[in-house]
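The values are calculated or read from the model by the stated rules, or taken from the named source; none is laboratory data. Please read these numbers as outputs of a predicted model, since none were measured by experiment. Don't worry about glycine lacking a Cβ; one is built from the backbone with ideal geometry, like all the others, and counts go over all protein chains shown. Areas reflect the complete protein model, heavy atoms only, side chains present, ligands, DNA and RNA absent. Shrake-Rupley method; radii C 1.70, N 1.55, O 1.52, S 1.80 Å.
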Amino acid sequence: MQKRNHKRWLIADGSIVDKLLISGVFLILILMPFHALFTAWAASKFGHFDLLRIWKEVLLGLMSIVAFGIVAKDSKLRNELAKDRLVKLISLFLLGVSLMTAFGLMSGSVSSSAAAYGFIIDSRFFLLLLIILIVGKRVSVPEHWLRWVILPAAIVVAFGLLQLTVLPDD
């Protein structure tokens with residue numbers, strides 16, 4: 001019987017900060033297909049629906065602070081990212097979202113909670129992509145990461161197809 005190599009599932013290189021960031025990315029990607037189910041269930045049991053609904057944005061905010069701290073300290077990485085066209089486009093988009101949010105607040109056309117919610121919704125995917133780019137330039141991703149991401153999504157898609165075809169409407 002062959003001994004299974006468990007290290008291929010883990011991040012072998014990188015610091016503990018890199019490992020925490022990539023673990024946070026995997027956590028978001030793996031749990032997102034179950035987000036609505038988890039949020040609705042937890043809110044029915046404990047209340048606080050809005051707080052439970054933004055768990056991923058809170059995690060993403062903390063990860064963003066750490067990732068940008070890494071970039072601030074690592075001049076080689078900062079120079080590499082500054083030359084990347086995708087990073088430039090994402091930065092330009094985030095600047096535009098920030099300016100529109102600031103304009104909406106200063107003009108009084110939106111409330112602060114609406115502005116914050118709009119900023120979070122508009123920027124979260126791009127922040128996640130930037131974090132993935134930053135960590136991806138520092139560590140090698142586990143071999144079988146696709147299984148970790150595709151399996152939960154496949155479960156949700158299969159259940160959705162069952163709802164459309166076999167399960168009753170109620």
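Computed packing ranks the peptides 59-69, 19-29 as 19-29, 59-69, most packed first, by mean other Cβ atoms within 10 Å. Taking θ as phi - 60° and the Karplus parameters 6.51, -1.76 and 1.60, the scalar couplings of the range 18-30 work out to 4, 5, 5, 5, 5, 5, x, 4, 4, 4, 5, 5, 6 Hz in sequence order, x denoting glycine and proline. Of the listed residues D84, D169, the order by accessible area with a 1.4 Å probe, largest first, is D169, D84. Look at the Cα gyration tensor of the range 19-108: its axes a ≥ b ≥ c give a/c of at least 1.5 with a/b at or below b/c, and that counts as oblate. GNM on the chain, alpha-carbon springs under 10 angstrom: the most fluctuating residue among S112, S91, S123 is S112. Shape analysis of the range 83-170 places it in the oblate category; the axes a ≥ b ≥ c from the Cα gyration tensor give an a/c of at least 1.5, with a/b not above b/c.
With a Förster radius of 41 Å applied to the beta-carbon distance between R85 and S23, the computed FRET efficiency rounds to 0.90. The local environment of H35, defined by Cβ-Cβ distances under 12 Å, has a net charge of +1 under the rule Lys, Arg +1 and Asp, Glu -1. Projected over all directions and averaged, the alpha-carbon convex hull of the chain occupies 15.4 nm². At an R0 of 35 angstrom, the distance between the Cβ atoms of I65 and A154 translates into a FRET efficiency of 0.60. Placing R0 at 41 angstrom, the Cβ-Cβ distance between L94 and L162 gives a FRET efficiency of 0.55 after rounding to 0.05.
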